[in-house]
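What follows is one structure encoded as structure tokens, with my remarks underneath.
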Amino acid sequence: MKYISKKLTIDKVKVQDIAEKYGTPIYCYSFNKLKKNIKNFQKNFSSFSPLICFAVKSNTNINLIREIKKFGLGADVVSKGELLMAIKAGVSPKKIVFSGVGKTSEEISFAVEKKILLINAESESEVREIDRIAKIKKRKVKIGIRLNPNTDAKTLSQISTGKKENKFGVNEKIFFKLVNFCKNSKNISLKCLSVHIGSQILDYKPYEKMLRVVDRIIDKINHKFEFIDLGGGMGISYTHKDKKLNYAKYNEIIKKFLKRHKLKIIFEPGRSIIGDTGTLISKIIYIKKNESKNFIILDAAMNDLMRPALYGAHHKILPSIKSKRKSNKTYEFVGPICESTDKFNTLKNFQELKEKDLIAICDVGAYGMSLSSNYNIRLKPSEILIKGSKIQIIRKKQKYKDLM
Ligand code: LLP
């Protein structure tokens, strides 16, 4: 995204033209950026050719999953719905892993029928349930067990998953117990140890720590795993303050680990693939002034983009037309929803804005549309994919009749 003659442009398309043609709020994705992210990810770890399973929860648009699949990626899913979506998008079940702490019997049965690569189990009860279903279906089911490595990912507490107080995975003791259970089962083949310590991780050191735990545990047990699933979590820069994750270091650590263990690595990245490809364009409905600040009331709200309200997450906001006239007021960018947390950002020294101006909320490709809701019976926005100067509508705006 850049300014060309002061006009904000995504690839070769002006934000202003998008808004005029398709209306606002609207999610726009850059294909070029997506391609670059995937290629970079693949290049960063090319020395051991991991299986990269896109975390579908970060963005569930079938057209985007289809594009991602074309680069050879598989899918990480967490529900029957996501599994159906990935298969419908053409992802081979042989490249699908199924995570999640609460898979129902129906979901497990469905995954078994589809012969997906791995069901990553997260509890003792789940392993027993997979065993029971596999027996009924007379199939030997390939599973992974998710270990909770008790590692602090040094990220927001709401998106941290690898500490012992988190609900995810099993501790070391139960892990060992389950390895033995699987050894004695005719219905289960234990292929993988999986871990995922959290999301938006910018420091490689938590990964290093996590791998040390994995290393120690593999050494302790006499079991030949085929895969180690390291999950996702690679962070992106939402603000200039975010220092980038050092991929070279992460790659080095994994390579060192692989010297000791001959295994195939699986990754489950979501945000690092899709996060910075997406922009939410919104129009200013009103500007409401009080003594200390101006409320910039947008036509996008927390139902369209939940991250700021849910996690206090920060997303850059850019004006669609750049000017040098700075406002001396603090701007609070808010949505029309009846919640005080329906707020995107509070900014000082922003350029002067007026009603009907357009703004762009940046880096919303991950956990943007996928976390959207119909709160206040607001329609979910449309989504478009920009390929150079071409625009493809990849999801139509909802209609009221869809909801009544
Ligand atoms: N694998 C597992 C098992 C996960 O739970 C997640 C994310 C991922 C992979 C993908 O993580 P990523 O590479 O995207 O960081 N809604 C929050 C993020 C929640 C992440 C949930 N799990 C947000 O908007 O920041």
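Taking only alpha carbon atoms, region 122-167 gives an Rg to Rh ratio of 1.17, where Rh is the Kirkwood radius. One compactness figure for region 47-186 is 1.08, namely its Cα radius of gyration divided by 2.2 N^0.38 Å.
What relative contact order, as a whole-number percentage, does region 169-312 give when Cα pairs under 8 Å and 6 or more residues apart are counted?
21
Taking the centroid of alpha carbons for each part, region 375-394 and region 31-89 are 19 Å apart. Antiparallel beta bridges, as assigned by DSSP with both residues in the chain, represent about 45 percent of the total such bridges. Taken about its Cα centre, region 242-292 carries a charge dipole of roughly 400 debye when the Cβ of each Lys and Arg holds +1 and the Cβ of each Asp and Glu holds -1.
Of the residues Tyr29, Tyr286, Tyr22, Tyr311, the one with the fewest other Cβ atoms within 10 Å heads the list, and the complete ranking is Tyr286, Tyr311, Tyr22, Tyr29. Partners of Lys36 within straight-line reach, counting aspartates and glutamates whose Cα lies under 17 Å from its Cα and excluding those fewer than 8 residues away in the same chain: Asp11, Glu67, Asp276, Asp363. The radius of gyration of the Cα set in region 1-119, together with its Dmax, comes out at 17.5, 57 angstrom. Stokes-Einstein, applied to the Kirkwood radius of the chain over Cα pairs at a viscosity of 1.567 mPa s and 4 °C, places its translational diffusion at 58 µm² s⁻¹. The trypsin sites (Lys or Arg not before Pro) found in region 243-330 that occupy coil by DSSP, while having at most 15 further C-beta atoms within 10 Å, are Lys243, Lys244, Lys262, Lys322, Lys324, Arg325. Taking Cβ atoms as reference points and 10 Å as the exclusive limit, the residues near Gly231 contribute a net charge of -2, counting Lys and Arg as +1 and Asp and Glu as -1.
Computed about its Cα centre, the charge dipole of the chain is approximately 1200 debye, with only Lys, Arg, Asp and Glu carrying charge at their Cβ.
Its relative contact order, with pairs defined as Cα atoms under 8 Å and 6+ residues apart, puts the chain at 20 percent. Other residues with beta-carbon under 11 Å from the beta-carbon of Ser79 carry, at +1 per Lys or Arg and -1 per Asp or Glu, a net charge of 0.
Highest mean packing comes first when the peptides 365-376, 153-164, 191-202 are listed by Cβ atoms within 10 Å, giving 191-202, 365-376, 153-164.
Around Asn294, what is the net charge, scoring Lys/Arg as +1 and Asp/Glu as -1 over all other residues with Cβ under 9 Å from its Cβ?
+3
A helix-only calculation puts the chain at -8500 deg cm²/dmol for mean residue ellipticity at 222 nm, using -39500 (n - 2.57) for each DSSP H run of at least four residues, averaged over all residues.
We did not get these values from a lab; they are worked out from the coordinates using the rules stated. Because the structure is predicted, anything quoted here is derived from the model rather than measured. Glycine gets a Cβ as well: all are built from the backbone with ideal geometry, and neighbour counts include every protein chain shown.
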